[in-house]
Amino acid sequence: YAILVAGTNRLYQLDFSGSIVNTPILDSVDVAGSSAFSDLSIYREGADWYGLATSSSQVDLLSFGSNPLSMPLSSAVLPSVVEPSSVELFQEGGQVYGLVQRNTGQLIRLDFEGSVENIPEVNNLGNLGVLEDNTNRFVLVEDSSSWWGYGINFTRNKLYEYRFSDDCGADPSI
């Protein structure tokens, strides 16, 4: 399966019927009470599936229950963040984190403690001394025990790399 967003409040679900080489079956579902999603990160905790989704002015937590293709329930987890553009939701060392890249260059870490169902502690990590406006897409990669973030600034054609020294609960460096 794959779940995509495309600037609406709709999730596009691709079912590959057991193999990525199969032609996918496309389905879509509207998420009530949400606005146009710009990015989505899916995460499994126990038997249940969750997602963090960014829109123009907030970050939503989507709860799918035990089926990631079901109609999710949506609630604002970060209701007043300006221009969130990318999001990653993941677990490390028994902790659940979300990282939100703002179009202004700021990186925000959400610390959900041990479960994505907890209200997160919000930590604005700033622009790490180099991230600029329009740094609006990023991906997070784990390599052994280190985490690396890569952000892209389409306006200036720049790629930024930042590393979390020990774990994603630590402050990153460029």
Assigning unit charges at the beta carbon (Lys, Arg +1; Asp, Glu -1) and nothing else, what dipole magnitude in debye, to the nearest 20, does the range 26-174 show about its Cα centre? 460
Around residue 59 (Cβ within 13 Å, Cβ-to-Cβ, excluding residue 59; K/R +1, D/E -1) the net charge comes to -2
Å³ per residue of the Cα convex hull, for the chain? 127
Given a 1.4 Å probe and every protein chain left where it sits, what share in percent of the accessible area of the chain is carbon and sulfur? 48
Put 111, 30 in order of accessible area, largest first, 1.4 Å probe: what do you get? 30, 111
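Counting only heavy atoms of protein chains, what accessible area per residue, in Å², does the range 1-116 have with a probe of 1.4 Å?
44
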Which of 27, 143, 60 fluctuates most in a GNM of the chain (C-alpha springs under 10 Å)? That residue is 143
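The values are calculated or read from the model by the stated rules, or taken from the named source; none is laboratory data. Not measured: the values here are computed from a predicted model. No Cβ is skipped: glycine too gets one built from the backbone with ideal geometry, and neighbour counts run over all protein chains shown. Areas reflect the complete protein model, heavy atoms only, side chains present, ligands, DNA and RNA absent. Shrake-Rupley method; radii C 1.70, N 1.55, O 1.52, S 1.80 Å.
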